[in-house]
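Rule-based calculations on the coordinates, nothing more; no lab input. What you are looking at is a predicted structure, and each value in this text was computed from that prediction instead of being measured. Methodologically, a virtual Cβ is constructed for each residue, glycine included, from the backbone with ideal geometry; neighbour enumeration extends over all protein chains shown.
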Amino acid sequence: MIKIIDLHKSFGKQKVLDGVNLEIEEGKTTVVIGRSGGGKSVLLKHIIGLLKPDSGHIFIDGVDISRLNERELDRVRRDFGMLFQDAALFDSMTVGENVAFPLKEHTEKKDKEIKRIVSDRLMAVGLTGVEDKMPSELSGGMRKRVGLARAIAMHPRIVLFDEPTTGLDPVMTEAINSLIIDTQKNFNLTSIVISHDVKSIFKIGHRIAMLYEGKIVEYGTSEEIKKSKNPVLAQFLSGSAEGPIKMV
Amino acid sequence: MNSVSAVIDSLGRSVLRYVEEMGKILLLFISVLGWATRPPLKFRNIAKQMEFVGVKSIFVVVLTGTFTGMVMALQGYYGFRMFSAESMVGSTVALGMTRELGPVLTSLMVTARAGSAMAAELGTMRVTEQIDALYVMAANPVKHLIVPRVVAGVVMLPVLTVIADFVGILGGYFVGVILLNINSGIFIKNICRYVDLDDIFNGLIKAAVFGLILSLVGCYKGFNATGGAEGVGKATTEAVVLASITILVSDYFLTAIMF
């Protein structure tokens, strides 16, 4: 359902994506791993049309979104939810208003109905009674959970997670991983997770793709990835400083 | 010779950069016009921005307007006294405030207070991915963030200018009549005699244009901020400088056209 073909992107002289080819399976969680600054978030931003590729194609349900204008993209985006690295909650709104935002924007639902959905979504991420709090009053983990509640508010088919566990303590990392698994199952989502947290990727990923030097150098199930002899992947998973991965 | 060409080169680059920025701001303005005429409008956001740009700027505008009127009366009195024309102080203060100082000083004060805040707020939203979040939720940021601020700037600046004009003339009256003993009747009569409704009206048009400039520049700079906290700081400073310069330059041309 999501197919990326020969995707290229450079910023100035810096080549970030150098011919990415990747197919995302429907109803599964695909984790894209790779070094920090290796272009994972750039790839994610292409999938949701926040960045335009220099060349290449991104097909969503057969439609090449790299050729769409902003209004056509908006229609495609309604099938998406996204959890940003730092949650990207609107500072000026309460938690309840944040989660309600897409519902108010795109549906004709009454306030009472919206309130009920907000409460449901917050409960789905393990939060209750926080509707009136401001984002600044929440911890990092709570912000991510509210971000996830907002991402699934419209019951999207596809959810993108940009480093969902970065900066969290091990307990909260585990809690967020469980949430990603639960929401994927409960809402039958197609999830794409960007991560470099080795422990998390095998827990949450049905499929794992390794992005290195702008290309997908390995792709497979957790088992296949664990058995892979690819030296880049092996070094990344072992966390060794010695190996083919260049230190810049 | 080399140093001369280096100066010209640097000056040319600055002018080119300024023109390029103006072009981009013009494109943003066209986008704002497009979204501002496409319902539904975000009235709650517009009202919130009007309160921020207008109501919360009243104190600083009153203070600036009052003291500007007072100092104009004082300076005018010493000048006019040389040829016994102290009675002209009132009309000079009123004309100066309504045609020039009311709109310009109000706009500069609001640029410093609200224009900078627009750049800082939008810049922070940009670097914390809140603007990307709007795009992802298929909510256009120009409609949600920029249109309310620009509408607030265009509507509230004339309102603030009326207040500045009024308190400025009142300040001039206080200094001229109460402190310097100019005849109250003559002071008011000369204002009525020399100040036309057009002077006030054209001043308000200027204020609306300046409101448009300061809000567009503030939003443009914030919207395009990059590079974390440092980038937001830079965007805020640039917004104030660029908006102030543009207001002063456009003031000349507006004056030349209107009066």
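Note on chain B: GNM, Cα springs under 10 Å; of B:L197, B:L28, B:L216, the largest mean-square fluctuation is that of B:L197.
In square nanometres, what is one fourth of the surface area of the convex hull spanned by the alpha carbons of chain A? Working shown, then result.
Numbers: hull surface 55.2 nm².
Dividing the Cα hull surface by four gives the mean projection, 13.8 nm².
D by Stokes-Einstein for the range A:83-156, Kirkwood Rh over Cα pairs, 25 °C, 0.890 mPa s: 206 µm²/s. The range B:94-158 to the range A:51-112: how many Å between their Cα centroids? Each part's Cα centre sits 25 Å from the other's. Ordering A:L83, A:P156, A:I114 by Cα displacement along the dipole of the range A:83-156 toward the positive end leaves A:P156 in first place; charges were set at the Cβ atoms of Lys, Arg (+1) and Asp, Glu (-1). The eigenvalues of the Cα gyration tensor, multiplied by 5 and square-rooted, give the range B:42-258 an equivalent ellipsoid with semi-axes of 39, 15, 14 Å from largest to smallest. Rg/Rh for the range A:38-90: what does it come to with C-alpha atoms and Rh from Kirkwood? Using only Cα positions, Rg/Rh for the range A:38-90 is 0.97. Using a Cα-Cα cut-off of under 13 Å, which aspartates and glutamates could be cross-linked to A:K227, ignoring same-chain neighbours fewer than 8 residues away? Reachable aspartates and glutamates: A:E218.
Computed from the C-beta positions of B:V19 and B:K234 and an R0 of 25 Å, the FRET efficiency is 0.80 to the nearest 0.05.
When 1/r is averaged over all different Cα pairs and the result inverted, which Kirkwood radius in Å belongs to the range A:143-183?
On the way: mean 1/r = 0.0936 Å⁻¹.
The Cα-based Kirkwood calculation yields 10.7 Å.
Can you compute log10 of I(q)/I(0) for the range B:64-193 with the Debye formula, treating each Cα as one identical point scatterer, at q = 0.23 Å⁻¹? For the range B:64-193 at q = 0.23 Å⁻¹, log10 I(q)/I(0) is -1.19. Annotation note: trypsin sites (Lys or Arg not before Pro) in the range A:22-111 located in DSSP loop regions with a Cβ neighbour count of at most 16 within 10 Å are A:K28, A:R78, A:K109, A:K110. Listed by chain and number, the lysines whose alpha-carbon sits under 18 Å from that of A:K185, ignoring those within fewer than 8 places in the same chain, are A:K28, A:K203.
Taking the longest Cα principal axis of chain A as reference, the axis of helix A:95-106 is set at about 90 degrees. Computed log10 I(q)/I(0) for the protein assembly as shown at 0.05, 0.07 Å⁻¹: -0.29, -0.51, from the Debye equation with unit scatterers placed on every C-alpha and solvent omitted. Within the same chain, lysines fewer than 8 places from A:K144 are excluded, and of the rest, those with a Cα less than 16 Å from its Cα are A:K133. With R₀ fixed at 51 Å, the C-beta to C-beta distance from B:A6 to B:V55 puts the FRET efficiency at about 0.55.
Expressed in nm to one decimal, what extension gain is obtained for the pair B:S84 and B:L197 from 0.36 nm per residue of sequence separation less their Cα-Cα distance?
Using 0.36 nm per residue and subtracting the Cα-Cα distance, I get 37.9 nm.
Placing +1 on the Cβ of every Lys and Arg and -1 on the Cβ of every Asp and Glu, with no other charges, gives the protein assembly as shown a dipole of roughly 380 debye about its Cα centre.
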